[in-house]
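The values are calculated or read from the model by the stated rules, or taken from the named source; none is laboratory data. Remember, predicted model here, so these are calculated numbers, not experimental data. Glycine gets a Cβ as well: all are built from the backbone with ideal geometry, and neighbour counts include every protein chain shown. Heavy atoms of the whole protein, side chains included, go into the accessibility calculation; ligands, DNA and RNA do not. Shrake-Rupley method; radii C 1.70, N 1.55, O 1.52, S 1.80 Å.
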Amino acid sequence: MARIECPKCHHVVDTPGIVTVCPECGADLRGVMEELAHRREKMRDVAHDDSVTTHEFIVRTKELEKIYVMGEVEVPALRGVEINIRRGEYLSIMGPSGSGKSTLFNMVGGLDKPTKGTCFIEEVDMAQLDAFELAWLRCRKIGYIFQTFNLIPVMTALENVTLPMIFAGMSSDEMMERGAMLLELVGLGDRLHHKPYELSGGQQQRVAVARALANAPAIILADEPTGNLDLQTGKEIIDLLKELNEESGVTIISATHDLKMIDVSDRVVHIRDGQVERIENRADIDLDVGSLGSEADPELDE
Amino acid sequence: MINKELARKLYAEDDRLEPGAEVQRQITLPWGQAARISYRNVTMRLGRAMITGAGVVLGIAFLCSVWTAKVAQEGIARFEATSATYVGGEEASLAPGAEEAEAEAKARAARQAWLVVMSLLVSAVGITNSMLMSVTERFREIGTMKCLGALDEFIVRLFLIESAVLGMLGSIVGAILGHLIMLVVYITKERGVAAMMDWGQMVEYILIALGIGTVLSLFAAVPPAVRAARMPPAAALSTEI
Ligand SMILES: Nc1ncnc2c1ncn2[C@@H]1O[C@H](COP(=O)(O)OP(=O)(O)O)[C@@H](O)[C@H]1O
Ligand SMILES: [Mg+2]
């Protein structure tokens, strides 16, 4: 469907491409339609052109709404979320359980479709992408880390890490070499051929981090990456993510209700009941943490 | 602390990996890699694969036993008919006996047709059920693969290979089992039955059974795999089994 304005009488026509004359004044619309198609084509090209990486915001959401329908009941999980995420920043999304963090994560990561509003990745409207382009985006642009690790249980650490590289069409030798280097990077150079069940939780999450980096994505999305880990191991994973963020410049978006995440974040977006409650910058966070001792914030104590 | 040099290298290296825009746009799963992954899925989950395969084995074993019985009975009947002519000698006594035998053969054929239909149904239900289970319990994995960039058709391809292999192996085991068991049953009844059977026909039936088992497995696995592949990754990831 395309919405076209008649150049003569300014009547607005909705057409799937079959109607080529204005129903009001009979003017020929083909010129306008061609131009529109051309513009769309160009938009698509931008989506695939890595050289165009100068946008300030790598992710923008616009009036993002998600309503889950369960039988008769409608559950509004996101109610008009607008956030702009800068290239290279480490952003934490904080909020109590059920506030809509995972839902936001799914929308930004192209894992589900919003009920209303849209999400832009590098200025490309995700709602306009077809199945192939979405797969490409998930494969090359975004790395995912989950609370439950989600490694493929029948594959070794190395096979898990190289799986996204298979989809990206990398050659076998390159894949093995890069996979081994990635595992080395996350400190599992001696665990290449271990299966997930032979690894501890923290090690599994490291494999997941390596896998998220497989195709050198611009964005890493992490949904409660420390949720299933003990305090110390969780801290190690967060430090790992922070170092990767600093060294490679990958943008990290991490949903959490874990306070440990706060001091590595450049910004913290607090969400509550599906809405952005407030956004804190790093400077403000330092102040907050400083005052925690004297005046504990009951909300942050979760 | 991470190795900073390595971290930078791993990101810089990506430019080298993308010589042309065309390569960059592709999303692929070569058949060789798909076969490797499917092989992994079967061997690593051998227990599960055997349960899935057991549905096929049972169905095809039933089918093959019915067909073995059919061939054996026909063989015996043929043998008895020829010996009856030989023993009876006179033509007058042959006519009514032949009529009786013909009626009996008809009834037997009807009974056997019924059994074949039943065993086909049993195979279909068993195979569908086990394939459905093996897809359903892997929703989460399917969701993960889609997060990593898998197209819907990759998921279907993996299940296609897996179910074809399981279907074929299960059918072979089932056919051998069903055939041998029924053969032994008939040999205990009638010692020389093996010599009376039409083996060309028997081999034909076994091959048909193998085909049916494989095709049924494919048809049983593909619809749920397609459905699972089409789910949005978020939904596939959040299913609890
Ligand atoms: N698949 C779903 N179906 C129905 N309701 C859902 C679904 N996923 C999440 N919700 C609801 O949406 C709200 C937000 O959930 P979620 O995004 O998972 O929160 P969080 O990750 O912050 O804990 C909750 O009220 C939850 O019950
Ligand atoms: Mg959540």
Comparing B:Gly75, B:Gly174, B:Gly126 in a Gaussian network model of chain B (Cα, 10 Å), the one with the largest mean-square fluctuation is B:Gly75
What do you get for trypsin sites (Lys or Arg not before Pro) in the stretch B:92-196 restricted to DSSP loop and a cutoff of at most 15 other Cβ within 10 Å of the site's Cβ?
B:Arg191
Exposed GluC sites (Glu not before Pro) being those in a DSSP loop with at most 11 other Cβ atoms within 10 Å, the longest stretch of chain B free of them is B:92-239
Provide A:Val268, B:Val226 ordered by accessible surface of protein heavy atoms (probe 1.4 Å), highest first.
B:Val226, A:Val268
Going down the table (B:Lys70/B:Lys189; A:Lys101/A:Lys235; A:Lys66/A:Lys116), which pairs top 18 Å between alpha carbons?
A:Lys101/A:Lys235
Give me D for chain B in µm² s⁻¹, whole number, from Stokes-Einstein with Rh from the Kirkwood sum over alpha-carbon pairs, 10 °C and 1.306 mPa s.
73
Check A:Ile271: other-chain or 5+ apart residues with amide H under 5 Å from its amide H, H built from backbone geometry?
A:Met94, A:Gly95, A:Glu277
By how many nm would the segment from B:Ala77 to B:Ala109 grow when fully extended, if each residue of separation counts as 0.36 nm and the alpha-carbon distance is taken off?
10.3 nm
Using θ = phi - 60° and the Karplus curve 6.51 cos²θ - 1.76 cosθ + 1.60, what whole-Hz ³J(HN,Hα) does each residue of the stretch A:197-212 get, with Gly and Pro shown as x?
5, 8, 10, 6, x, x, 5, 4, 5, 5, 4, 4, 5, 4, 5, 5
Given R₀ = 60 Å, what would the calculated FRET efficiency be for B:Leu46 paired with B:Glu99, taking r from the Cβ atoms and rounding to 0.05?
0.60
Counting only other chains, what is the mean number of Cβ atoms within 10 angstrom of the Cβ of each residue in peptide A:106-114?
4
The FRET efficiency for A:Glu198 and A:Ser171, from their Cβ-Cβ distance with R0 = 22 Å and rounded to 0.05, is 0.20
Over all directions, the stretch A:54-301 yields a Cα convex hull whose mean projected area in nm² is 14.5
Compare B:Ala228, B:Ala109, B:Ala69 in a GNM of chain B, Cα atoms joined below 10 Å, and give the one with the largest fluctuation.
B:Ala109
Take the Cα of B:Val215, step 7 Å along the line toward its Cβ, and report every residue of the stretch B:162-182 whose backbone nitrogen sits under 20 Å from that point.
B:162-176
Give me the inter-chain shielding for A:163-175: mean count of other chain Cβ atoms within 10 Å, whole number please.
5
Take peptide A:134-142, look around each residue's Cβ out to 10 angstrom, count Cβ atoms belonging to other protein chains, and average those counts.
5
Could you check how many percent of all C-alpha pairs in the stretch A:193-283 are farther apart than 16 Å?
57
For the stretch B:166-177, what does the Karplus curve 6.51 cos²θ - 1.76 cosθ + 1.60, with θ = phi - 60°, yield as ³J(HN,Hα) per residue in whole Hz, taken in order and with x for Gly and Pro?
4, x, 5, 4, x, 5, 4, 4, x, 4, 4, 4
Hey, what does the equivalent ellipsoid look like for the stretch B:129-241, semi-axes from the Cα gyration tensor as sqrt of 5 times each eigenvalue, largest first, whole Å?
42, 13, 8
With R₀ set to 30 angstrom, the calculated FRET efficiency between the beta-carbons of B:Val125 and A:Thr148, to the nearest 0.05, is 0.35
In whole Hz, with x marking every Gly and Pro, tabulate ³J(HN,Hα) for the stretch A:227-236 from phi via Karplus 6.51 cos²θ - 1.76 cosθ + 1.60, θ = phi - 60°.
x, 9, 10, 6, 3, 5, 5, x, 4, 4
Return the calculated 222 nm mean residue ellipticity for chain B, to the nearest 500 deg cm²/dmol, obtained by summing -39500 (n - 2.57) across DSSP H runs with n ≥ 4 and dividing by the residue count.
-30000 deg cm²/dmol
